[in-house]
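Values in this text are rule-based calculations from the coordinates and carry no lab data. Not measured: the values here are computed from a predicted model. Cβ atoms come from the backbone with ideal geometry, glycine included; neighbour counts cover every protein chain shown.
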Amino acid sequence: MRWLLALSVLYIVVYLPAIGELAIYAGDERSYTNGALVMLRTGEWATAATADGVPRFNKPLLAYWVIAGTFGSVGIGPTMSRLPSLLTGLMTAWLVWAVARRLLSDDDVALVAGAVTLTNVELGVLARRATPDMLLVGFVTLSLAGFLSDEIADVTCTRSVTLIRVVQRVRHGRAVGDSFRKGSGRAAGW
């Protein structure tokens with residue numbers, strides 16, 4: 001865990017100073033930062049809108065809320081708009097490390113998994129943008145971690161059998177958490 005902490009500090013040291021640079025500004029960031037600013041100014045949190053007041057329904061509200069919350073908590077600016085993505089990238093790497101450690105019971109392999117995630121080029125790009133992309137990656141990873149944690153806790157056999165069982169359940173279209181309904185077959189509605 002000491003090495004993962006060191007990698008995390010390195011990640012923050014490398015990316016935090018760079019996230020405020022306008023040279024890495026992606027065109028769609030403007031939509032999310034402006035929408036968050038409009039939410040702060042108007043107090044309308046149920047609908048994102050452009051600076052002209054035109055509603056934006058094509059993306060989920062979470063990205064706007066997170067950016068607006070950061071703006072309201074620590075200030076407004078490019079660095080603050082990208083801070084949630086940066087922290088979500090770090091959370092994603094920690095989740096990968098935790099899943100690998102729990103699934104494989106090997107600290108060295110878990111460290112490699114976390115390091116590979118932290119040094120992934122695309123993660124580095126997404127973690128420096130004020131867009132919902134990194135939030136999506138982070139929360140999908142959190143969902144998968146929860147699914148695997150449930151599957152691992154439910155099985156008393158070896159790691160290999162556990163991994164095979166998880167793969168089989170996914171392959172056969174079983175729903176997440178279906179394991180607690182013994183003998184029920186497929187989840188309702190599938």
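Annotations
- The range 1-106, dipole about Cα centre (Lys/Arg Cβ +1, Asp/Glu Cβ -1), debye to the nearest 20: 260 debye
- Peptides ranked, highest mean first, by Cβ atoms within 10 Å: ranges 86-96, 132-142: 86-96, 132-142
- Neighbours of Trp94 by Cβ distance under 15 Å: Lys/Arg scored +1, Asp/Glu scored -1, total +2.
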